1. Using DSSP to call loops (not H, G, I, E or B), can you name the GluC sites (Glu not before Pro) in the stretch 48-89 whose Cβ has at most 13 other Cβ atoms within 10 angstrom?
2. Long-range amide H contacts for Phe81: which residues qualify at under 5 Å (H placed 1.01 Å from N, peptide plane, sequence gap of 5 or more or a different chain)?
3. Could you tell me what percent of the DSSP beta bridges with both partners in the chain are antiparallel, to the nearest 5?
4. Just want to confirm a number: the relative contact order over the chain, from Cα pairs under 8 angstrom separated by 6+ residues, in percent.
5. List the longest stretch of the chain that has no exposed loop site; here a site is one of the trypsin sites (Lys or Arg not before Pro) assigned by DSSP to anything other than H, G, I, E or B, with at most 16 other Cβ within 10 Å.
Amino acid sequence: MNLRIKGQLSAEEDLTIDGSFEGAIDLRGHHLTTGARSDVKARVSARAVTVLGRLEGHITADAIDIRPTAVVEASLVTRQFALEEGGRFNGQVNTERARAAGDVLRHRAAQQ
């Protein structure tokens, strides 16, 4: 099955996407994983993001892990960034704004 979704997605738990998604993802302090066959075009806000498929957009997270099968074209705001051998990344990484962004994410999570 090939799942395609457009819109705004929010969850109060960890989430894995194995299809196509376009829009905004707000996980309020939880972990997003994109599967190896995923195609995500989104503005992402999460505690941690692990990318195994294709992701394009803007990611704000405390930790971002780009795995060997991943293709990422995005601007990243993060404290911790890992690009594993074989993974492809085109974009920019901003670690100075990451501290403030992490504080905002924790504040939002605490308000839930």
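None of the figures in this text is laboratory data; all of them are computed from the coordinates on show. These figures come from a predicted structure and were not determined experimentally. All Cβ positions, even for glycine, are placed from backbone atoms using ideal geometry, and neighbour counts span all protein chains on display.
1. On the way: sites: Glu56, Glu73, Glu84, Glu85; in loops: Glu84, Glu85.
When the GluC sites (Glu not before Pro) of the stretch 48-89 are filtered for loop state and at most 13 Cβ neighbours within 10 Å, Glu84, Glu85 remain.
2. For Phe81, the qualifying residues are Ile64.
3. 0 percent
4. 17 percent
5. Values: sites that count: Arg37, Arg97.
Between the exposed loop sites, the longest stretch runs 38-96.
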